Amino acid sequence: MRASRLKRFLPLLVAAYAVAELVLLVTVAELIGWLPTLLLLLAGFVAGASVVKRAGLKAFAAARKGSVPEGEARTAVTVVGGVLLMIPGFISDVLGLLCLVPPVARRLQRVPMALLRRGPLGDAVRLQEQVRIHRPDGKVVQGQVVHEDGAPASGPYDYSRRDEPQDRGELR
């Protein structure tokens, strides 16, 4: 579907989705009652919030260690699943639960990277991949300049000074 067609039919698709959610909600409420229906919606919200929180904490812990999480795309699919669980409605809950099922999630992992490669962030993603190729570990080696007498340098070097060329020591 071309972008112009999508722009034209997107409001209609959103309205059809909202009507389908409402019809399903009323149908379920008539079958099991309004209180159990509201409790199911609340349980979906709590479960979705828990999934999003756990995925976010996992990604944050990996970032604090300085490593890139192995499953960036997996984390994205998990977060989308959690957000879909948080949206009130049973269709979105089913879609969110499908995002959390491992075989379905593995297939959906291709979508975030494909969208990034084609979208406006495609250049940034390609640049990041090139940087990883040239510096695979991405680590920064900390060092300190030590003079020949063994004493450490007395602070950061002042690059505005015009000293005579001399040996500054070795990098350890």
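Quick note: the coordinates plus some simple rules give every number you see, no bench work behind them. Computed from a predicted structure; not experimentally measured. Backbone-built Cβ (ideal geometry, glycine too); neighbour counts: all protein chains shown.
Annotation: extensible slack from residue 34 through residue 19 equals 3.6 nm (criterion: 0.36 nm per residue apart, minus Cα-Cα distance). The local environment of residue 41, defined by Cβ-Cβ distances under 13 Å, has a net charge of -2 under the rule Lys, Arg +1 and Asp, Glu -1.
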